[in-house]
Amino acid sequence: MGARGLAAALVVVALTLSACSDGDSAPAAAPSASSSTEAPLIPEPTAVPTTLPSDLAAGEMQDLAQLAERLAQKLPAQARPAPVRMAPGSTDWRIGAAYWGYFADPDIVRHGNQWFAYATNTSHLRLPTLVSRDLRTWTPLTDARGARVDPLQPASWVSARNGGQSLWAPGVDKIGNGWTAAYAAPAGTTGGERHNCIGLSRASSPAGPFRPVGEPLCYGQAQLGVIDPDVFVDSAGVPWLLWKFSGIVRGRPAGLFIRQLNRQGTGFQEGSRTVELLTLVRGWEGITIENPSMVQFRGVTYLFYSGNDYRDARYATGYAICAGPEGPCVRQNHGAPLLSTASTGNLGPGGASAFVDGKSLRLVYHAWDRLPGGMRRLHVAGLWQRPDGTLEVVDPG
């Protein structure tokens, strides 16, 4: 193992040691659960690591952390991220005009010299997409003729009003020679609630058009199903899909899951397994955890997630450090949120997606402009990786 690999391994070990943490009927119109293998979409409950072994000595942890710190100096350098302030913009989706309106659950990718940001449906678009060159000024995506464009074609199973516009929390990344966009959408109802499934789509460009591929990913035993997909490609080029399982009333809490995708980004890898990374457990997380986002930065695998009720100021963003894409993952920051209303000054910061900007680590997220009755707007936070791999917020955005 080279110096970088050894450093990464020791950092993960040190952080894992030093972490602090503490049914209804089947949907009327929802497709059945599907996958490319016999492995279940949501496996039987398993123990998810959340606490330290009781027999660890503090001195051992300190020594290991010091060794990891020394080795970490050989990792790629990081840059202190400059603050990003959103440029003034219209709250209406206007072609050619800067936009800073409703943009919830954002995801972000870079292609060439442009950033692409995607969000939950707004402005009568299934996949509202903004483009930027500086992370500050964002304008609506247009087609080659400069006209308004909706880059996503929903699958036929999507059951929603207005031609399938009730799609939300998309995740996009480059897999193989194309781009995969994953989204959540209702596929029917159960118990008077929408039953959500995840759809995959492919395009040759991050600008689309994204067309449906594969089968919907559904879980009929849970009333609300599965939502909040995140497409993640690790440092070895292996693609993964993360998602939120909404839980089963009086049966199982909400959790965050991951499974390997195939090299074409059209479905699960044959023989892959589903792994639970985190389960609802901390007090600040309230009624649920959701919106997983995974990133690798300077040899460390991070899992960001949102907790509590997205509709109010208690909504916040936490993070865990993982031994790898399949975990185990252990909450950091003493189990407290990394971004909160109190720490950022922004109301209910959540729906975050992590991304690497050159030598810097950042989070794109939404926050309310006012409550009640406000809108969730785009923000970009800058993070700094400490010598032991834990994170601090340089600027909340």
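The values are calculated or read from the model by the stated rules, or taken from the named source; none is laboratory data. Source: prediction; values computed, not measured. Glycine gets a Cβ as well: all are built from the backbone with ideal geometry, and neighbour counts include every protein chain shown. Remember, those area values only see protein heavy atoms, side chains included, never the ligands or the DNA or RNA. Shrake-Rupley method; radii C 1.70, N 1.55, O 1.52, S 1.80 Å.
Say the dipole of the range 259-362 comes from +1 at the beta carbon of Lys and Arg and -1 at that of Asp and Glu; which of 265, 301, 279 then lies farthest toward its positive end?
301
Can you find, among 137, 118, 245, the residue farthest towards the positive end of the dipole of the range 110-245? Put +1 on the C-beta of Lys and Arg, -1 on that of Asp and Glu.
Most positive-ward Cα: 137.
Size of the dipole of the range 349-397 about the Cα centre, Lys and Arg at +1 and Asp and Glu at -1 on the beta carbon, nothing else charged, in debye to 20?
Dipole size: approximately 160 debye.
Under the definition of Cα pairs under 8 Å and six or more residues apart, what whole-number percent is the relative contact order of the range 73-148?
Relative contact order comes out at 27 percent.
Using a 10 Å cut-off on Cβ atoms, rank the peptides 297-305, 346-354 from the highest mean neighbour count down.
Most protected by this proxy first, the peptides run 346-354, 297-305.
Work out, step by step, the length gained on full extension between residue 78 and residue 153: first 0.36 nm times the residue separation, then minus their alpha carbon distance; give nm to one decimal.
23.1 nm
Is the C-alpha gyration tensor of the range 144-268 telling us rounded, prolate or oblate? Criteria: a/c under 1.5 is rounded; beyond that, a/b larger than b/c is prolate, otherwise oblate.
Oblate is the answer for the range 144-268, as a/c is 1.5 or above yet b/c matches or exceeds a/b.
Apply the Karplus curve 6.51 cos²θ - 1.76 cosθ + 1.60, θ = phi - 60°, to the phi angles in the range 227-242 and return the couplings in whole Hz, x for Gly and Pro.
8, 6, x, 10, 9, 9, 10, 7, 5, 8, x, 8, x, 9, 10, 10
Can you return the lysines within cross-link range of residue 74? Criterion is Cα-Cα under 18 Å, with same-chain partners fewer than 8 residues away left out.
Here the lysines satisfying the reach criterion relative to residue 74 are 359.
Could you put 159, 246 in order of accessible surface area, largest first, with the 1.4 Å probe and the full protein assembly present? Mind dumping the intermediate values first?
Numbers: 159 60, 246 30 Å².
Sorted descending by solvent-accessible area, the residues read 159, 246.
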